[in-house]
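Read through the structure below, which is laid out as structure tokens, and then see the notes.
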Amino acid sequence: MAAFHLAVGSVYGAAEHTAEQLAAYLTEQGHQVQWIEGDDPQAIVDAAEGVLLVITSTTGSGDLPDTLAPLFFALRERFPMLPGLRYGVIALGDSSYGETFCGAGRQFDELLAELGAKRVGERLQIDACETFAPEEEALKWLPQWLSQLEPQPVNAD
Ligand SMILES: Cc1cc2nc3c(=O)[nH]c(=O)nc-3n(C[C@H](O)[C@H](O)[C@H](O)COP(=O)(O)O)c2cc1C
């Protein structure tokens with residue numbers, strides 16, 4: 001069982017709804033779920049005790065939603081090294097936006113990698129051109145993503 005820290009960026013609610021569905025699944029499976037609120041980068045540092053899952057749509061031209069952008073910029077400013085942090089990214093976007101497709105998820109992924117965090121599996125990109133139900137794609141992806149999480153080392157003390 002693991003503790004999952006969820007950071008969510010959403011404008012119109014699709015990413016938020018997706019995150020709620022994932023949280024319900026994780027809870028059913030016996031995991032802990034903690035929602036990251038606000039813009040204190042310490043919440044990302046603290047997530048290293050478990051696993052971070054970033055779930056974000058993209059707005060503007062490859063931009064992060066206002067619900068997640070302050071945390072992203074504060075994290076980039078403080079720039080804590082996070083070698084012990086494992087994370088996953090679910091990016092919602094629309095491929096008709098071309099080069100900025102899923103840009104917010106990509107930016108968060110790149111920042112975490114720069115900070116030394118380790119992504120588990122591939123980033124999931126969900127295209128609004130292909131589905132009206134992003135939560136269904138995310139729920140299909142989740143079990144195989146969970147299976148890639150290595151067991152946490154047991155403290156023998
Ligand atoms: C004004 C606006 C700008 C958008 N810009 C992008 C973009 O640059 N890249 C992208 O992949 N999707 C873009 N999208 C698509 C959204 O990311 C996508 O529809 C997503 O599913 C919305 O999720 P949400 O309801 O959680 O905000 C944009 C949507 C809107 C309405």
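What the table below lists for this structure:
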{"item": "Peptide ranges 94-106, 26-38, 45-57 listed from the most packed, as the mean C-beta count within 10 angstrom indicates", "result": "45-57, 94-106, 26-38"}
{"item": "Angle between the chain longest axis and helix 14-28 axis [Cα atoms, degrees, rounded to 10]", "result": "30 degrees"}
{"item": "Extension gain from Asp94 to Glu37, taking 0.36 nm per residue of separation minus the Cα-Cα distance", "result": "18.0 nm"}
{"item": "Relative contact order %, region 3-146, counting alpha carbon pairs below 8 Å whose residues are six or more apart", "result": "27 percent"}
{"item": "Degrees separating the helix 103-114 axis from the principal Cα axis of the chain, which is the longest one", "result": "30 degrees"}
{"item": "Between 0 and 90°, nearest 10: helix 69-78 axis offset from the chain longest Cα axis", "result": "50 degrees"}
{"item": "Alpha-carbon Rg with Dmax, taken over region 1-50, Å", "result": "11.4, 32"}
{"item": "Stretch gain in nm, segment Met81-Glu114, where the contour uses 0.36 nm per residue and the Cα spacing is subtracted", "result": "11.0 nm"}
{"item": "Helix-derived mean residue ellipticity, 222 nm - over the chain, DSSP H n ≥ 4, -39500 (n - 2.57), to 500", "result": "-11000 deg cm²/dmol"}
{"item": "Region 11-157 - Kirkwood radius from inverse mean 1/r over Cα pairs (Å)", "result": "15.7 Å"}
{"item": "Vicinal HN-Hα couplings computed from phi for region 136-146 (Karplus, 6.51 cos²θ - 1.76 cosθ + 1.60; Hz; Gly/Pro x)", "result": "5, 5, 5, 5, 6, 6, 4, x, 6, 5, 4"}
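Readers should treat all values here as calculations from the given coordinates under stated rules, not as data from a laboratory. The structure displayed is predicted, hence computed values, not measured ones. Glycine also receives a Cβ, built like all others from the backbone with ideal geometry; neighbour counts cover every protein chain displayed.
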